[in-house]
Amino acid sequence: MKKITLMLTAALFCLMGGMNAQTTFTGAGTPTPIPATGTGTATCSTATTSDATSTLTGTIGTDWGIDNVTIDLTHTWDSDLDISLVSPDGTSLDLSSDNGGTGDNYTNTVFQDGGDDITDASAPFTGTFAPEGGTFAETFAGENAGGIWQLSVCDDTGGDTGTLLSYEITFIECVVDLQCQDATANLDENGMLEGPFEDLVQNAEVRFESNGTTTAAVASGDTPLAIPDSNPAGATATVDVSGIGGSIGTEYLPVVTIDITHTWDSDLTLTLISPDGSEVELADGLGGSGDNYSTTVFQDGNASITTGAPPFNGSFSAQEGDFATILAGADVDGTWSLFVTDDTGGDTGTINNFSIAFEELQKNVYAPSTCGDALVTFSPNSFDCMTTGDNTVTITAGGETCTAVLTVLAGVQFDGPSDLFIGTGDTVECSRVINYDLTGEVVGCDGEATLVLTEGFESGEEFPVGTTTVSYEAQAMDGTVLDTYTFDVTVTDTAFPAIDCPGDFAVSPDDGAAVYTIPDWSALASDNCSSGDELEFVQVPAAGETVADGSMTDVTFTATDAAGNVTECSFVLTVDETLSTNDFALDSAISVYPNPVASQFTLRNGSNAQLQTITMSDVNGRVIEVIALSDMATEKQINISGYASGIYFAQITTGNATTVKRIVKQ
């Protein structure tokens, strides 16, 4: 994966402003009755008003911001009231409308951007709340701070009265915190570098905002389309978008328009599906018994569709949330789908129209300000091959200015690996030879670049197990670092531990004992990367345990290295039986040959004892067959041609003695 590294050469801080000045103006004419005429007319032609005259100079958002509006009033049945702030330019902002139900009064109520939602509060609304209709900063941006700021209180229902006791409006001086720093950036493949340059502002916030242009809408050819009643299969209308390019969130935002006829809207769920399969719930179960979605537009930045009512004519944001967040990174080009389902029987409808357009976005940079974030501008705002090197850029936000140096470098086009993941393979080495190809050339401008390794290993070298970061600098002829290319190589130990596993074998009991003590066989295990405690070795039975003479024991070895690779092996350990005097005599007198044997062996009795039986068993102790020897003279042919290849045990018995011979069947 290519990782372009920002090179910050120096930090130049330009922190402007000082203490935030606040100025408060008091509304005139209070206390005053609500409604003024006492008629309670719903038209509000005679609303109660109080004028606060501001003597400030400058504009909202640049010089001054509205910090808060504070009111006190008494009134029974608060939901009669619509309270607004009207600017000197005549712009009105709804502070609170029809809230509070049957509750009484607004007591020390403060309206401030970022406050709590007043629609969720209750009378007497003591506390700090956001204006219901939007923010002070956005509503009055660019308007005069000086003049008459009027509070309007409308009692739109008769029967209840009250009194506006006081009204104040407080302004705060705009102070921008603009912190500049030097940075380095590369020209693109066309030899151009366009602003804004957020890396020059240490405390920058980047936003992708509308540039005021929207692409032409593309309508679905599937409509009109019937919506099946109470059927999860639903109806899907599609739109094929091509030739726009770009992605959602940074270059474009969808603008979706629908028209649906349907009785009882709450039966419906509307879902937008992007070309990559991401889904946004536009509306689900809304509208109650109301009918239709009539020219309903879904677009970020509007009130939620949950605030609307059938037929939802107008612009709303999706019920689930913003397109910018949910669909971030999705391609614009491709097939967009509107999926509509009806989850309750009894009502039907039709998708009459589905179209989609795309709002174009531009990148803007903001610096924090006491009046809301201030837009940052850069001069100059573009560079080309003729302006490579150090350039002084003037940076301005809200009237504050500072400068920083932008080092402009030629662009480099790299062609190289992304992060590599590979195993060691079956090897005794704890490493792997890695080969990779990497090139880098100057694009858009004249010049050459030389790749210089600054971290890691060259192609064709041994890379150890683990993650190694490989970094190259693309250097100009004078040694200037134009760009860097970095990727990780992760080598995993995939080689299995080795065990020098013995075949089945027999041992004699310990001296003077009728048992055999299991030794420590851990030295038989080895690994390419792990040793000592890193290489776990387990043997069953464990070292130090004992097994009886005459026994056959399955022995298992398990070796596990630090990477979790596991090797197992097993064999049969036979402990010869300690012979009695009679057994010893019989063992000495009995012989078998040939051994190993292909098909049959000869059993020879060199004693005077009469042999009774020969019992053939496999290494697991399972009896294969029992052969009577009562008619045997000195020799007898024993046929084992039907046995599988392996080790077998022949137990030969007389009336008072027993001996065992091991037979290897080829």
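Take the conditions (1) touching a helix residue (DSSP H, G or I) at 6+ places or on another chain (Cβ under 6 Å); (2) in contact (Cβ under 8 Å) with a residue 60 or more places away in the chain; Val241 misses just one of them, which is (1). Of the numbered criteria (1) modelled with pLDDT of 95 or more; (2) outside the structural domain of Ile60 (by the TED database), the one Ile169 fails is (2). Applying the criterion of being within 22 Å of Val555 (Cβ to Cβ) and surrounded by fewer than 17 Cβ atoms within 10 Å (Cβ to Cβ) to the residues of the stretch 595-622, the residue that is modelled with the highest pLDDT is Arg622. Counting only strands (runs of 3 or more DSSP E) that fall entirely inside the stretch 421-502 and contain at least 1 residues that are of a type in the set (A, V, I, L, M) and under 30 Å from Met192 (Cβ atoms), the qualifying elements are 439-443, 450-455, 466-475, 481-492. For the condition part of a helix (DSSP H, G or I), assigned by the TED database to the domain that holds Ser54, of a type in the set (A, V, I, L, M, F, W, C) and under 30 Å from Thr394 (Cα atoms), Ala137 qualifies. Among the acidic types (Asp, Glu) and closer than 30 Å to Ala559 by Cβ, is that true of Glu458? Considered against the rule, which asks whether it is among the acidic types (Asp, Glu) and closer than 30 Å to Ala559 by Cβ, Glu458 comes out as no.
One line per residue, one yes/no per condition, for (1) under 28 Å from Asn565 (Cα atoms); (2) in contact with a Pro (Cβ under 8 Å, 6 or more places away or on another chain); (3) buried (at least 19 other Cβ atoms within 10 Å of the Cβ):
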| position | (1), (2), (3) |
| --- | --- |
| Leu409 | no, no, yes |
| Val412 | no, no, yes |
| Gly425 | yes, no, no |
| Val433 | yes, no, no |
| Tyr436 | yes, yes, no |
| Val442 | no, no, yes |
| Cys445 | no, no, no |
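For the structure I just gave you, tell me whether Ile638 is of a type outside the set (Phe, Trp, Tyr), out of contact with any helix residue (DSSP H, G or I) (no Cβ under 6 Å at 6 or more places or on another chain), part of a strand (DSSP E or B) and under 22 Å from Thr553 (Cα atoms). Answer is no for this residue. The lone criterion from (1) at pLDDT 95 or above; (2) buried (at least 17 other Cβ atoms within 10 Å of the Cβ) left unmet by Asp116 is number (2). All conditions but one from (1) outside any loop (DSSP other than H, G, I, E, B); (2) surrounded by fewer than 14 Cβ atoms within 10 Å (Cβ to Cβ); (3) not hydrophobic (A, V, I, L, M, F, W, C) apply to Pro519; the one that does not is (1). Checking each residue in the stretch 338-361 for being assigned to a strand (DSSP E or B) and out of contact with any Pro (no Cβ under 9 Å at 6 or more places or on another chain) picks out Leu338, Phe339, Val340, Gly349, Phe354, Ser355, Glu360, Leu361.
Looking at the stretch 352-383, which of its residues are farther than 28 Å from Gly243 by Cα and more than 35 Å from the chain's Cα centre (by Cα)?
Ser379, Pro380, Phe383
Taking the conditions (1) modelled with pLDDT of 85 or more; (2) over 25 Å from Ala644 (Cβ atoms); (3) not β-branched (Val, Ile, Thr) in turn, Ser588 satisfies each one other than (1).
The test for being at pLDDT 95 or above and assigned to a strand (DSSP E or B) does not hold for Thr325.
The values are calculated or read from the model by the stated rules, or taken from the named source; none is laboratory data. From a predicted model like this one, the values you see are computed outputs, not experimental measurements. So basically every Cβ, Gly included, is an ideal-geometry build from the backbone, and we count neighbours across all protein chains shown.
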